[in-house]
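One structure is given here, and the rest of the page talks about it.
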Amino acid sequence: MPGHRDFDVLRPATLADATALLLRPGAMALAGGTDLLPNLRRGLHEPRWVVDLGSVAGFGDVTCDADGWHLGAGMTLAAVARHGGLGTELPGLAEAAASVAGPGHRTVATLGGNLCQDTRCVYYNQSAWWRAANRFCLKHGGQTCHVAPQGRHCHAAYEGDVAAALLAYGAEVEIVGSVSGPRRSPLHRLYRDDGAAHLTLAAGELVAAVHVPRPQRGTASGYRKARSRLAMDFPLAGVAAALRVEAGVLAALAVGVTGTNSHPLQLAGTDELVGRPVDDETLRALGKLVARQVTPMRSTVTAANHRRLVAVAAAERLVRELAAAASAAPVPGSAPRLAANDA
């Protein structure tokens, strides 16, 4: 690659081998490569070793049992999007996967890779000469966040799609490579509010699988994504919701948001809306929760306040549609599927 030093590609056969190789200084994991390879071309990373996970046995397997869905982190987004069982029980996840980039990307991009993809910013995702001309930035090689020059916090935004849906479903991730052995953790604990170091994984650790509980009967769920272009673009804001309606009022509501913060957001305060009808007043209250918790900054070419308004509108519209679908035709053991249209 132009302007990049040589690196060696290692192809482990097991997760244990992969995590051992990732402990080497300068080692980086490669799954589908749709995020890593463009960053390598721009000189944003300089690995000595690239650990290719494509040959790891069972890394993309999917099973379902009484405990829920168990999705290997190496499962491609195309496989997630077209899986019949996931489309029926977890339509928000299938819709989120189907909204990522283009068909060619989704055939190689992986579930784990989308969860762990790098944060993005107009001052970071540029060529090396462009960044050098601007004295680099706090996320890579510089001392200043050009988004907020007076602070010492990186505001690069997390723009993966599937995390929002998985947060709404209460998913957990299985992490391997820890000295104490494999562990399961709520998905939100995979992230921290720091655009420069948004993952909590330690050296040598990998997301091996995602575990999603099966939704309760009558649950409706979906994903709504707004973007500058109708295809192959990152979200200005992406919103997922999972809810149940009983006797005309909300019995449960969970919302995940992506594209606005340095980490995917599990919306707090939705329990306060349980027991209320999904009317204009309730939707305004939901919108206020979103507006208070999303923190878009000038990290994209679109105005920050516009992204906040988009997140609010997407959440309100999605919850209204899901509540109407759940009230009109609840199907035991499954969830109505909505089209993944743009807000």
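The values are calculated or read from the model by the stated rules, or taken from the named source; none is laboratory data. No experiment lies behind these values; they were computed from the predicted model shown. When we count neighbours, we look across all protein chains shown, and the Cβ atoms used for this are built from the backbone with ideal geometry, even at glycine.
I need every pair where a residue in the stretch 60-84 that is in the same structural domain as PRO103 (by TED's automatic domain parsing) and closer than 10 Å to ALA209 by Cβ has its Cβ under 6 Å from the Cβ of a residue that is acidic (Asp, Glu) and not in a helix (DSSP H, G or I), sequence separation at least 6 or different chains.
Within 6 Å, the pairs are GLY72/ASP61.
What residue, among those in the stretch 31-60 that are under 21 Å from the mean Cα position of the chain (by Cα) and among the polar types (S, T, N, Q), is nearest to MET232 (Cα to Cα)?
THR34
Among the residues of the stretch 223-236, is there at least one that is among the acidic types (Asp, Glu) and modelled with pLDDT of 95 or more?
no
Quick one: ALA197 ticks every box in (1) buried (at least 17 other Cβ atoms within 10 Å of the Cβ); (2) hydrophobic (A, V, I, L, M, F, W, C); (3) out of contact with any helix residue (DSSP H, G or I) (no Cβ under 7 Å at 6 or more places or on another chain) except a single one, so which number is it?
For ALA197, the failing item is (1).
Quickly run through the stretch 144-157 and pick out the residues that are free of Cβ contacts under 8 Å to residues at least 60 places away in the same chain and in contact with a strand residue (DSSP E or B) (Cβ under 9 Å, 6 or more places away or on another chain).
Result: THR144, CYS145, HIS146.
Please work out which one of (1) in a loop (DSSP other than H, G, I, E, B); (2) over 27 Å from ALA18 (Cβ atoms) is the condition GLY92 fails and give its number.
Result: GLY92 fails condition (1) only.
Starting from residues that are among the small types (Gly, Ala, Ser) and more than 11 Å from VAL245 (Cα to Cα), keep the ones in the stretch 301-328 and report whichever is surrounded by the fewest Cβ atoms within 10 Å (Cβ to Cβ).
In this case the residue turns out to be ALA303.
I'd like the full set of residues that are among the β-branched types (Val, Ile, Thr), touching a helix residue (DSSP H, G or I) at 6+ places or on another chain (Cβ under 9 Å) and at pLDDT 95 or above, limited to the stretch 279-325.
Within the stretch 279-325, THR282, VAL290, VAL294, THR295, VAL312, VAL319 meet the criteria.
Determine which single condition ARG131 fails, assuming it passes every other condition in (1) surrounded by 15 or more Cβ atoms within 10 Å (Cβ to Cβ); (2) in a helix (DSSP H, G or I); (3) in the same structural domain as LEU253 (by TED's automatic domain parsing).
(3)
Looking at this structure, is ALA31 small (Gly, Ala, Ser) and at pLDDT below 95?
Spelling it out, it is not the case that ALA31 is small (Gly, Ala, Ser) and at pLDDT below 95.
For the stretch 293-332, name all the residues that are part of a helix (DSSP H, G or I) and within 12 Å of THR260 (Cβ to Cβ).
Passing the criteria: GLN293, ALA304, ASN305, HIS306, ARG307, ARG308, LEU309, VAL310, ALA311, VAL312, ALA314, ALA315.
Please go through the stretch 90-111 and give me each residue that is crowded, with 22+ Cβ neighbours inside 10 Å and either assigned by TED's automatic domain parsing to the domain that holds ALA31 or not hydroxyl-bearing (Ser, Thr, Tyr) (or both), ordered by number.
Matches in the stretch 90-111: LEU90, PRO91, GLY92, LEU93, ALA94, GLU95, ALA96, ALA97, VAL100, ARG106, ALA109, LEU111.
Any residue at all in the stretch 216-226 that is closer than 14 Å to ALA73 by Cα and either touching a Leu at 6+ places or on another chain (Cβ under 7 Å) or free of Cβ contacts under 8 Å to residues at least 24 places away in the same chain (or both)?
No, there is no match, as no residue in the stretch 216-226 is closer than 14 Å to ALA73 by Cα and either touching a Leu at 6+ places or on another chain (Cβ under 7 Å) or free of Cβ contacts under 8 Å to residues at least 24 places away in the same chain (or both).
Within the stretch 104-113, track down each residue that is in contact (Cβ under 8 Å) with a residue 60 or more places away in the chain and under 16 Å from the mean Cα position of the chain (by Cα).
Of everything in the stretch 104-113, those that are in contact (Cβ under 8 Å) with a residue 60 or more places away in the chain and under 16 Å from the mean Cα position of the chain (by Cα) turn out to be HIS105, ALA109, THR110, LEU111, GLY112, GLY113.
Test each condition in (1) farther than 26 Å from GLU159 by Cβ; (2) in contact (Cβ under 8 Å) with a residue 12 or more places away in the chain for HIS45 and report the one that comes out false.
Exception for HIS45: condition (1).
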